[in-house]
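Right, one structure below, let's go through it.
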Amino acid sequence: MKNNILITGFMGVGKSRTARALAAATGLFAVDTDDLIESLIHTTISDFFKSHGEPAFRRLEQDVANWLERSVDHTIVSTGGGFFMVPNLLKLGQVFFLDADFDAIYQRLRAQPGGRQIAKRPLFQNLDEAGKRYQDRLPLYRQNAHHIIQVKGRESNVVALEIQNILQSRGLLLKKP
Ligand code: S3P
C-alpha cells in the first residue's frame, strides 16, 4: 500500500480546502483529481460532462487512480465526489472520508456568492437527484475509507488538524518532501 493521504466525500463537503490546509500544516504537496483531469481535457468538467458524458469522466478518474498507484507517493490527494468508486482506492494510501449531512452540504454550497459552486457541478443541478445520489453513496463512502471524519460546522483547518493528529498518533505522518 502507498503512503498517500486521500480525502473523499460528497460534492461540496470541503475536500480541496481540507487538503490545502493539511498541506500547509504538514509541508506535503496536495493534488486534486479534478484538477488533474481538467489539465488533460482542456475544458471544464461541466463542459466535459455535456460533450462526453459521465462514463467517459469515470474512465479518466480510473486513469488518474492508476497513475497515482504507479507514480505518486507521500502526497495529499483531494478527490472528486465520485472518485471513491475506483477499485484500487484503498491501495493508494490512507483514505479519509469527510462526513456531513446533505442539508449542511447544500446550505454551504448555496451560501457561495453567484451560485458558482453549484453551477460548476454537473451532478448537483437537480436537488432531488443530488440528494438521492448522496443517500445511495453514503454507505459506500463509509465502506471505502480507513477513517471517517465529521466535518459539519467545522472549519477546514480544524478538520485538517484532526487528520494530522490521527496520522501522527499512528506513526503514519510522512516527512516533508
Ligand atoms: C462528482 C464530483 C465533482 C466532479 C464531478 C463528479 C461526483 O467533484 O468530480 O463533477 O460524481 O460526485 P467535487 O466533489 O469536487 O464537486
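Couple of notes before you dig in:
- Dipole check for the stretch 53-133: with +1 at the C-beta of Lys and Arg, -1 at the C-beta of Asp and Glu, and the Cα centre as origin, the magnitude is about 240 Debye.
- The 3J(HN,Hα) values that the Karplus relation (6.51, -1.76, 1.60; θ = phi - 60°) gives for the stretch 116-131 are, in residue order, 5, 5, 7, 4, 7, 10, x, 8, 10, 7, 10, 4, 5, 5, 5, x Hz. Gly and Pro appear as x.
- The chain: relative contact order in percent, alpha carbon pairs under 8 Å with at least 6 residues between: 37 percent
- Only Lys, Arg, Asp and Glu carry charge here, each on its Cβ (+1 for the first two, -1 for the last two); on that basis the chain has a dipole of about 280 debye about its Cα centre.
- Kirkwood hydrodynamic radius over Cα pairs of the stretch 26-119, then Stokes diffusion coefficient at 4 °C and 1.567 mPa s, in µm²/s: 87 µm²/s
- Potential extension, residue 103-residue 2 segment - 0.36 nm per residue separation minus Cα distance: 32.9 nm
- Neighbour cut-off at most 14 other Cβ (10 Å), DSSP loop, GluC sites (Glu not before Pro), the stretch 74-177: 155
- Selection from 29, 168, 156 lying farthest towards where the dipole of the chain points positive, charges on Cβ: 168
- Farthest toward the positive end of the dipole of the stretch 62-157, out of 140, 130, 92, is the Cα of 130, where the dipole comes from beta carbon charges about the Cα centre.
- Temperature 25 °C, viscosity 0.890 mPa s: under these conditions the Stokes-Einstein estimate for the chain, based on its Kirkwood radius over C-alpha pairs, is 149 µm² per second.
Every number in this text was worked out from the coordinates using simple rules, so none of it is lab data. Bear in mind that the values here come from a model prediction, so they are computed numbers and not experimental data. Cβ: placed from backbone, ideal geometry, glycine included. Neighbour counts: every protein chain shown.
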